[in-house]
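Let me begin by presenting the structure, written as structure tokens, before commenting on it.
What follows is calculated from the coordinates using simple rules that are stated; it is not laboratory data. As the structure is a prediction and not an experimental result, all values here were calculated from the model. Methodologically, a virtual Cβ is constructed for each residue, glycine included, from the backbone with ideal geometry; neighbour enumeration extends over all protein chains shown.
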Amino acid sequence: MPSQLPLPLGTKSSMTREDFITAPANAEAVAFIDSWPDWPVTFAAFHGPSGSGKTHLVEIWKTRSQAQSVSAAALEGSALARLDPDRPVAVEDVDAAKPNPARDVALFELIEKASHSRPVLLTGHEPPATWAAVLPDLKSRFSSVLAFPLWAPDDDLLAALARKLFTDRQLQVPETVIVRMVRSLERSPGAVRAFVAEADAKALAEGRSITLGLVRELVGTHETGSS
């Protein structure tokens, strides 16, 4: 069965619990979200590379808990004051924000005031124990936080991610396309996400379906460019 011709309909990733791809590498993080509101701690952290599902899990939690979210880079001064003191908080991309006294004081204050009715959930790329901080007390909190990893790539998870990304773009592709992607691409969620976007753009520009032949062309271009 040929895949459908791509149309410029726009792309929107579904962020529901039903759409989250659960695998052994992220099962503990998913179980933690599913256990809301019966969390055993007042603050926790998720870590993994871009595209591994951190934001998706945060969105699931926000829907269930009415939590608010803010990037760590913005969490200083008036940004902290604008947060609702009665709602849970997700602070995203902690280790992407350059540590500075204002950011660290704001983060430390949030964590110190966290409670079972207003918990704090942090996200970052690397394990929290490696996150930089200029405030020693905050560094200590990073080292002691209950943390869940969200990525350890295997074929099944890479394939499931590719299928979801194509579905988000309203595209159905042959299974041979998925198999070739998993076999050929860098084993990271970011690489899979970028390749799906590139394949969609190429198919649209050339008026083609996303077939094994198109994927082979793209893979060949990548291999030539890296040689």
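Tabulated values for the structure
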{"quantity": "Whole-Å semi-axes of the chain's equivalent ellipsoid (Cα gyration tensor)", "calculated": "38, 18, 16"}
{"quantity": "All aspartates and glutamates inside 12 Å of Lys113 as judged from Cα atoms, apart from same-chain residues fewer than 8 positions distant", "calculated": "Asp86"}
{"quantity": "Long-range HN-HN contacts of Phe148 with modeled amide H, under 5 Å", "calculated": "Ala45, Phe46, His47"}
{"quantity": "Residues listed by number, the stretch 82-106, amide nitrogen under 18 Å from Ser115 label point at 7 Å toward C-beta", "calculated": "83-90"}
{"quantity": "Distant alpha-carbon pairs in the stretch 91-170 (separation over 19 angstrom), percent", "calculated": "48"}
{"quantity": "Gained length - Val179 relative to Ala194, 0.36 nm times residue gap less alpha-carbon distance", "calculated": "3.8 nm"}
{"quantity": "Evaluated over the stretch 27-149, the Cα radius of gyration and Dmax, each in Å", "calculated": "13.0, 36"}
{"quantity": "The stretch 102-227 pair-distance distribution - Cα-Cα, 5 Å bins, rounded %", "calculated": "2, 9, 17, 15, 11, 7, 8, 10, 9, 8, 3, 0"}
{"quantity": "Per principal axis, descending, Cα span of the stretch 155-226 in whole Å", "calculated": "31, 30, 19"}
{"quantity": "In the stretch 44-110, trypsin sites (Lys or Arg not before Pro) in a DSSP loop with at most 13 other beta-carbon atoms within 10 Å", "calculated": "Arg82"}
